[in-house]
Amino acid sequence: MNLNAIGTVLVDTEVVVDPARLALLAKALGTDSAAETALRVPFFGPTAAGKDSVVKPLGMDLRRALQGGQSYEWHRAFVPGETIRLTVRVEDIIDKGSMHLATVLSEYRDSGGKLVQCQRTVFVERRETAQGENG
């Protein structure tokens, strides 16, 4: 993992809250409140701009990594069809010796710059062991 990435903006782009995607998500959820739920979680920040938008810049090896946590801060629901500014940055990286923990902050803002949602995602990557070591 790139331990020098703290503070780095990994993604700064616009995404559209696609009504068709919301419908697919609601169908997959399959509950009475699925349509409302879909308006609150239509994106996963680390992959919203493409699957490699966070993994590659962090230098993360997915063979040794997992998602260690996810938290949300909601300000309002997303609106179908609206364009949102997505910014993803590396908030923190901790070197714990045998593993690294990276916290990635994803912020979604409306066209007026108001915060719609924040997501914090923690990735845990086991350090690569030297050949011959048990690990």
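Kindly evaluate THR13 against the criterion of being touching a residue at least 24 places away in the same chain (Cβ under 8 Å), loosely packed, with under 14 Cβ neighbours inside 10 Å and not acidic (Asp, Glu). It is true that THR13 is touching a residue at least 24 places away in the same chain (Cβ under 8 Å), loosely packed, with under 14 Cβ neighbours inside 10 Å and not acidic (Asp, Glu).
On the given criteria, is GLY69 surrounded by fewer than 15 Cβ atoms within 10 Å (Cβ to Cβ), under 30 Å from ALA38 (Cβ atoms) and touching a strand residue (DSSP E or B) at 6+ places or on another chain (Cβ under 9 Å)? So that I can check it myself, show each step before the final result.
Working: surrounded by fewer than 15 Cβ atoms within 10 Å (Cβ to Cβ): yes; under 30 Å from ALA38 (Cβ atoms): yes; touching a strand residue (DSSP E or B) at 6+ places or on another chain (Cβ under 9 Å): yes.
Against the criterion (surrounded by fewer than 15 Cβ atoms within 10 Å (Cβ to Cβ), under 30 Å from ALA38 (Cβ atoms) and touching a strand residue (DSSP E or B) at 6+ places or on another chain (Cβ under 9 Å)), GLY69 qualifies.
Put simply, of ARG76, ARG89, ARG64, ARG21 the only residue that is under 12 Å from GLN117 (Cβ atoms) and either out of contact with any Phe, Trp or Tyr (no Cβ under 7 Å at 6 or more places or on another chain) or modelled with pLDDT under 95 (or both) is ARG76.
Close Cβ contacts (under 7 Å, 6 or more residues apart or on different chains) running from residues in region 54-82 that are closer than 22 Å to THR13 by Cβ to residues that are acidic (Asp, Glu) and part of a strand (DSSP E or B) comprise MET60/GLU125.
For VAL41, the conditions (1) closer than 15 Å to CYS118 by Cβ; (2) among the hydrophobic types (A, V, I, L, M, F, W, C); (3) touching a Leu at 6+ places or on another chain (Cβ under 7 Å) are fulfilled apart from (3). Only one of the numbered conditions (1) aliphatic (A, V, I, L, M); (2) under 16 Å from the mean Cα position of the chain (by Cα); (3) more than 21 Å from ALA35 (Cα to Cα) is not met by MET99, and that is (2). What number goes with the only condition from (1) small (Gly, Ala, Ser); (2) surrounded by 15 or more Cβ atoms within 10 Å (Cβ to Cβ); (3) farther than 21 Å from ALA23 by Cβ; (4) at pLDDT below 95 that ALA48 does not pass? In the conditions (1) small (Gly, Ala, Ser); (2) surrounded by 15 or more Cβ atoms within 10 Å (Cβ to Cβ); (3) farther than 21 Å from ALA23 by Cβ; (4) at pLDDT below 95, ALA48 misses (3) alone.
The single condition among (1) among the hydroxyl-bearing types (Ser, Thr, Tyr); (2) under 27 Å from GLU128 (Cα atoms); (3) at pLDDT 95 or above that SER53 does not satisfy is (3). Residues satisfying the criterion are present in region 107-114 (criterion: farther than 14 Å from GLY45 by Cα and either among the charged types (D, E, K, R) or surrounded by 12 or more Cβ atoms within 10 Å (Cβ to Cβ) (or both)).
Does ARG89 satisfy the criteria of being in contact with a Lys or Arg (Cβ under 6 Å, 6 or more places away or on another chain) and touching a residue at least 60 places away in the same chain (Cβ under 8 Å)? For ARG89, the condition - in contact with a Lys or Arg (Cβ under 6 Å, 6 or more places away or on another chain) and touching a residue at least 60 places away in the same chain (Cβ under 8 Å) - is not met.
The helices (runs of 4 or more DSSP H) located wholly in region 19-135 that include 3 or more residues which are over 25 Å from ASN2 (Cβ atoms) and of a type outside the set (S, T, N, Q) occupy 19-29, 34-38.
Quick check, is ILE84 touching a His at 6+ places or on another chain (Cβ under 8 Å) and not polar (S, T, N, Q)?
Here the answer is no, as ILE84 does not meet what is asked.
The values are calculated or read from the model by the stated rules, or taken from the named source; none is laboratory data. Since the structure is predicted, the reported quantities are computational estimates derived from the model, not experimental observations. Counting neighbours? That spans all protein chains shown, and the Cβs are built from the backbone with ideal geometry, glycine included.
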